[in-house]
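Chemist: Dropping the structure in here first, questions after.
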Amino acid sequence: MPNRSQVSYKDRLVGDILGAYAQAFWFDKEEEAEDEAESNIELDDLVEGMVDVKLSKETKARIRAPWTKALIVKVYGKTVGYSYLTFKINTLWKPVAKMVCVDLGKDFFLIKFSDKFDYDKVLQGGPWFVGEHSLAIKPWEPYFKAFEASFSSVAVWIRFPKLPIEFYDLMVLREIGSAIGPVLRIDSYTASGSRASFARLCVQIDLSKPLVNLVRMGRLRQKVMYEGISALCFCCGRLGHKQESCGFRVRPMEKNREEGPSESQKVQQNERAGHTEQSVQSDSNFGDWMIVTRRKNYVRMGRNRGTKSPH
């Protein structure tokens, strides 16, 4: 491992955490372990109209070999086309050899690398983003079906707005961020301590759990904000769906009923009036304050008015 004097100033400034991105996934799988696990799976009995085809271990190894250095990717929270994604990943990754993209359906794409260097660079250089949206990545796996697949985690940028200055310490920031998820990277301005309006970290979040919206450190209650996320449910705090289609909606209502007669009466009144969603939203700890919004039209408006945009 290189000592501190051998690490460039730029690498220290961007706050990269060596190996953090690769460790957040299950990249190194043993083929023998896969074959052994597969052979131990008990299959259902054949039913009428079904036939059984048994491929040899050698055949399975041969047909899987071309895809051992391939990645399955998906732009989380945004639908993109084949041409657009191909252009963006070539711009992001700048591969030295040919890179093939295959559309698997349901917004999943398979990226096959011709050079191991390119494959390793993508794994070690992440996380990657297309615009403000995370490019979710996992290694290709046998029997993958896009229509049945989903990602269990995704990398996002989080902010700690108005964080007190004494917490702008790299080790402390990693410890705080780790309470939310594995810390993959620390923003350059945060790492250098040159900006104290907010701290910015890239973390891996578990999509099956509600987002963390508050971190307590002693008597400090620190809000957490998220960049580039869409389809956040303000009812359960999970990504991937909106409040109107939330399958966890009943839980806050049950909690309200247990808190006392006055709250129970309010819930029942709302139910009779058809305001169930409003009652859940008012008691939720989640809201649009968690989402970072960017002033995209500020510069354009300034130019149209003949004013000078800020830098």
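Chemist: Working only within the stretch 135-155, note down all residues that are assigned to a loop (DSSP other than H, G, I, E, B) and in contact with a strand residue (DSSP E or B) (Cβ under 8 Å, 6 or more places away or on another chain).
Modeler: Of all residues in the stretch 135-155, those assigned to a loop (DSSP other than H, G, I, E, B) come to 140-145, 149-152.
Selection gives W140, E141, F144, A149, F151, S152.
Chemist: Can you name the residue in the stretch 170-185 that is assigned to a helix (DSSP H, G or I) and among the small types (G, A, S) and, of all such residues, is surrounded by the most Cβ atoms within 10 Å (Cβ to Cβ)?
Modeler: Applying the first criterion (assigned to a helix (DSSP H, G or I)) to the stretch 170-185 yields 170-178.
If we keep only those that are among the small types (G, A, S) as well, we get 177-178.
Details: G177: 23, S178: 12.
Only one residue fits best here, namely G177.
Chemist: What number goes with the only condition from (1) out of contact with any helix residue (DSSP H, G or I) (no Cβ under 7 Å at 6 or more places or on another chain); (2) of a type in the set (A, V, I, L, M, F, W, C); (3) under 30 Å from Y82 (Cβ atoms) that L184 does not pass?
Modeler: (1)
Chemist: Further question on the same structure: Just give me the residues in the stretch 69-93 being surrounded by 16 or more Cβ atoms within 10 Å (Cβ to Cβ) and more than 19 Å from the chain's Cα centre (by Cα), in sequence order.
Modeler: Correct list: K69, A70, T86.
Chemist: Output the number of the condition that V96 fails; it satisfies all remaining conditions of (1) within 28 Å of I158 (Cα to Cα); (2) surrounded by fewer than 18 Cβ atoms within 10 Å (Cβ to Cβ); (3) not small (G, A, S).
Modeler: (1)
Chemist: Could I ask something else about it? So, S309, is that one assigned to a loop (DSSP other than H, G, I, E, B), modelled with pLDDT under 80 and of a type in the set (G, A, S) or not?
Modeler: yes
Chemist: Filter the stretch 92-119 for residues that are part of a helix (DSSP H, G or I) and out of contact with any Lys or Arg (no Cβ under 9 Å at 6 or more places or on another chain) and give the result.
Modeler: L92, F117
Chemist: Moving on to the next point. For the stretch 191-293, which strands (runs of 3 or more DSSP E) that fit wholly inside it have 1 or more residues that are of a type in the set (D, E, K, R), at pLDDT 50 or above and surrounded by 18 or more Cβ atoms within 10 Å (Cβ to Cβ)?
Modeler: It comes to 198-206.
Chemist: While we're here: Exactly one of (1) aliphatic (A, V, I, L, M); (2) at pLDDT 90 or above; (3) under 18 Å from the mean Cα position of the chain (by Cα) is unmet by L123. Its number?
Modeler: (2)
Chemist: Would you confirm whether any residue within the stretch 156-169 is in contact with a helix residue (DSSP H, G or I) (Cβ under 8 Å, 6 or more places away or on another chain), farther than 16 Å from Q222 by Cβ and not in a loop (DSSP other than H, G, I, E, B)?
Modeler: Checking the stretch 156-169: not a single residue is in contact with a helix residue (DSSP H, G or I) (Cβ under 8 Å, 6 or more places away or on another chain), farther than 16 Å from Q222 by Cβ and not in a loop (DSSP other than H, G, I, E, B).
Chemist: Could I ask something else about it? Pairs needed: first member in the stretch 154-180, in contact (Cβ under 8 Å) with a residue 12 or more places away in the chain and farther than 27 Å from K74 by Cβ; second member anywhere, basic (K, R) and surrounded by fewer than 20 Cβ atoms within 10 Å (Cβ to Cβ); C-beta distance under 7 Å; at least 6 residues apart or different chains.
Modeler: P161/K223
Chemist: Sticking with this structure for a sec: I'd like to verify a number: residues in the stretch 119-167 that are touching a Phe, Trp or Tyr at 6+ places or on another chain (Cβ under 9 Å) and among the hydroxyl-bearing types (S, T, Y), how many?
Modeler: 3
The values are calculated or read from the model by the stated rules, or taken from the named source; none is laboratory data. Predicted, not measured: the structure shown is a model, and the values here were computed from it. In this analysis, Cβ positions are derived from the backbone assuming ideal geometry, glycine residues included, and neighbour counts consider all displayed protein chains.
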